[in-house]
Amino acid sequence: MKILVGFCSLSGNTKKMAEAIARGVKDEGVTCDLKEVSQITVDELLNYEGLIFGSPTYYGLMTADLKRLFDDSVKHHGKLTGKIGGAFTSSGMMGGGGETTILSIFEALLIHGMIIAGDAKMQHYGPLAVGAPDNEAEKNCMKYGKKIAALTKKIYGT
Ligand SMILES: Cc1cc2nc3c(=O)[nH]c(=O)nc-3n(C[C@H](O)[C@H](O)[C@H](O)COP(=O)(O)O)c2cc1C
């Protein structure tokens with residue numbers, strides 16, 4: 001069982017979140033690959049049971065690089081059905097469109113037929129940070145990684 005944490009990050013903030021999420025996944029005992037989106041091929045998406053994507057907030061949406069990966073993933077449309085998905089973002093400010101960015105990633109994952117979990121207690125859609133993640137945001141990222149890994153184990157067996 002493997003989870004991919006893919007991220008775009010120009011100035012390193014989203015990358016720090018991705019690293020914390022990957023630590024959480026590994027803490028839960030699940031193998032995790034951490035990759036820049038530009039290094040991910042659409043074919044390798046098939047190798048993972050869980051796919052978590054992070055992007056800086058760009059005009060309230062994911063980056064063009066991540067969107068390009070999703071557009072290219074039409075090659076495997078239907079084959080990602082049932083995989084576990086997740087999303088996270090770093091924005092420049094509170095209320096800067098972080099949640100809509102996460103939702104823009106969810107839209108692509110849902111259209112692929114993937115399974116997405118919300119959260120009743122923590123950040124409801126997925127981890128958000130303003131700029132670089134502070135201690136609390138890093139903790140949220142780690143918890144998120146653990147949660148997605150636990151869900152993946154539940155659905156796919158340990
Ligand atoms: C092209 C561009 C668009 C951006 N749009 C927004 C935005 O809509 N809202 C916001 O809060 N921050 C916006 N920002 C700021 C980034 O989301 C923020 O600096 C983020 O922490 C960068 O993450 P990174 O270090 O992973 O690249 C934008 C930055 C760039 C370069």
FRET efficiency for Glu136 and Ser11, using Cβ-Cβ distance with R0 set to 22 Å, rounded to 0.05: 0.65
With a ≥ b ≥ c taken as the square roots of the eigenvalues of the C-alpha gyration tensor of segment 1-74, please select rounded if a/c is under 1.5 and otherwise prolate if a/b is larger than b/c or oblate if it is not? oblate
From a point 7 Å beyond the Cα of Val74 in the direction of its Cβ, which residues of segment 1-43 have a backbone N at a distance under 17 Å? 42-43
Could you run the Debye sum over the Cα atoms of the chain, one equal point scatterer each and no solvent, and tell me log10 of I(q)/I(0) at q = 0.19, 0.20, 0.21 Å⁻¹, two decimals? -1.15, -1.29, -1.44
Which of Tyr156, Tyr48, Tyr144 has the fewest other C-beta atoms within 10 Å, and how do the rest follow up to the most? Tyr156, Tyr48, Tyr144
Suppose the chain between Asp33 and Ile111 were pulled fully straight at 0.36 nm per residue; how much longer would it get relative to their current alpha carbon spacing? 25.7 nm
Which helices, taking whole DSSP H runs in the chain, have alpha carbons extending 15 angstrom or more along the helix axis plus mean Kyte-Doolittle at least 1.0? 98-111
Most exposed to least, judged by fewest other Cβ atoms within 10 Å, Thr31, Thr89 sort to Thr31, Thr89
Filtering trypsin sites (Lys or Arg not before Pro) in segment 60-141 by DSSP loop and by at most 12 other Cβ atoms within 10 Å leaves Lys121
Using the count of nearby Cβ atoms within 10 Å as a rough guide to exposure, how do Leu151, Leu128 rank from fewest to most? Leu151, Leu128
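Read-outs throughout are calculated quantities, based only on the coordinates presented, and are distinct from any laboratory measurement. Bear in mind that the values here come from a model prediction, so they are computed numbers and not experimental data. A quick note on method: Cβ atoms are made from the backbone with ideal geometry, for glycine too, and the neighbour counts reach across all protein chains shown.
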